[in-house]
Amino acid sequence: MVSKGPVLRLLTAINRRRMKLLMGIAFIAYVASVWGNFVNMRSLQENGDQKVESKIEEAVAPLREKIKDLEKRKRNVEHWIGHENFELINHDVVEPLYIEVDQIYHLASPASPPNYMYNPIKTLKTNTIGTLNMLGLAKRVGARLLLASTSEVYGDPEVHPQNEDYWGHVNPIGPRACYDEGKRVAETMCYAYMKQEGVEVRVARIFNTFGPRMHMNDGRVVSNFILQALQGEPLTVYGPGTQTRAFQYVSDLVNGLVALMNSNVSSPVNLGNPEEHTILEFAQLIKKLVGSGSEIQFLSEAQDDPQKRKPDIRKAKLLLGWEPVVPLEEGLNKAIHYFRKELEYQANNQYIPKPKPARMKKGRTRHN
């Protein structure tokens, strides 16, 4: 047998050497760290404070935008504050909500491409987990739920105009998929809850809508064109401008939603204005109504941008007795008046909103 004494002494010596080596490495690392920080501090000092201020501004800018958005949303409902039948609850639908209600209008989700593309995971969560939570609430309290779905479930359609029986033509992995597929699966959830749990559901497929109190810089075509025309900036058209859209005024949509909620129609219903315009025609109309001298600027086509969009609203007419009644120019004049007032308010508060760009393919800019 080997004596334990020499082995222990040998291990102790090895441990001491390891400890010294580790302490030496730690000391070198510490010196390197201190030297690196010193060099960085010297570099910052030599380059002046501008870079630091730039970094601070870069970090603060998004927060400033959020604050402005929150202020605007508050002003959108301030005329209801104090009404006995109004209560404002600040809640994220991704989290469960426990309240007593008879009807649920599930309208939660960013709807403009720049907004929903900015955080696609949150968009998906809102339309999936959020919808599950609202359906769970409807089941618990026996409420009827109306889902604000979208014409985007039809994607870049191969059928024109689009009726409710059309299944759509959607890219499931494109930049718009978080919204398109999020709404499609939300519809699926509604009908699963209806069949399995007996929840009463209503599904509105909403086409392009505009009007007062919409976000000034949400990146959608109406707000972009009005804002650009009022500020004398070029009206940006993505692609050739031959793609079509159908625009309805917000009061028509609200009337359609209420009619659908209180009907016996459980299958999806299109709510939109069947009056179709090309994007270029629409830009020219807004220029005329604003009285703007802005030029029209053509940019590269946005990826997966639908080329045709027009609702078939025969179902809404027949079953709901609903159709749009506000003429396009009348609605646009109301929206333009609101935007003028909003720009004055923002200017007095030293904040000028800018339109958000769409996600584009590479290409060259041309002018008209």
- Message: Going by average Cβ density within 10 Å per residue, which order do the peptides 297-306, 176-185 take, highest to lowest?
- Response: 176-185, 297-306
- Message: Can you compute the label reach from Ala192? Point 7 Å from Cα along the Cβ direction, backbone N cut-off under 14 Å, restricted to the range 122-136.
- Response: 127-136
- Query: Where does each of 134-147, 189-202 land if you order them by average Cβ count within 10 Å, highest first?
  - Reply: 134-147, 189-202
- Task: Principal axes first, then extents: for the Cα atoms of the range 295-355, list largest minus smallest coordinate on each axis, whole Å, largest first.
- Result: 49, 31, 19
- Query: Taking 0.36 nm per residue of separation and subtracting the Cα-Cα distance, what length does fully extending Gln303 through Ile173 add?
  - Reply: 45.6 nm
- Indicate the gyration tensor shape class of the range 151-201 (rounded, prolate or oblate), computed on the Cα atoms with a ≥ b ≥ c the square roots of the eigenvalues: a/c under 1.5 is rounded; otherwise a/b larger than b/c is prolate and the rest oblate. oblate
- Message: Can you give me the distance in nm between label points at Leu285 and Asp92, each placed 7 Å from the Cα along the Cα-to-Cβ direction?
- Response: 3.9
- Task: For Thr150, list long-range residues whose amide hydrogen, built 1.01 Å from N in the peptide plane, is under 5 Å from its own amide hydrogen.
- Result: Ile206
- With a cut-off of at most 15 other beta carbons within 10 Å, and DSSP calling the residue loop, which GluC sites (Glu not before Pro) in the range 204-294 qualify? Please list them. Glu275
- Task: Classify the range 71-191 as rounded, prolate or oblate from the Cα gyration tensor: take a ≥ b ≥ c as the square roots of its eigenvalues, call it rounded if a/c is under 1.5, otherwise prolate when a/b beats b/c and oblate if not.
- Result: prolate
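Any read-out appearing in this document is the output of simple, stated calculations on the displayed coordinates, not a laboratory observation. Predicted, not measured: the structure shown is a model, and the values here were computed from it. Note that we place each Cβ from the backbone using ideal geometry, even for glycine, and neighbour counts take in every protein chain shown.
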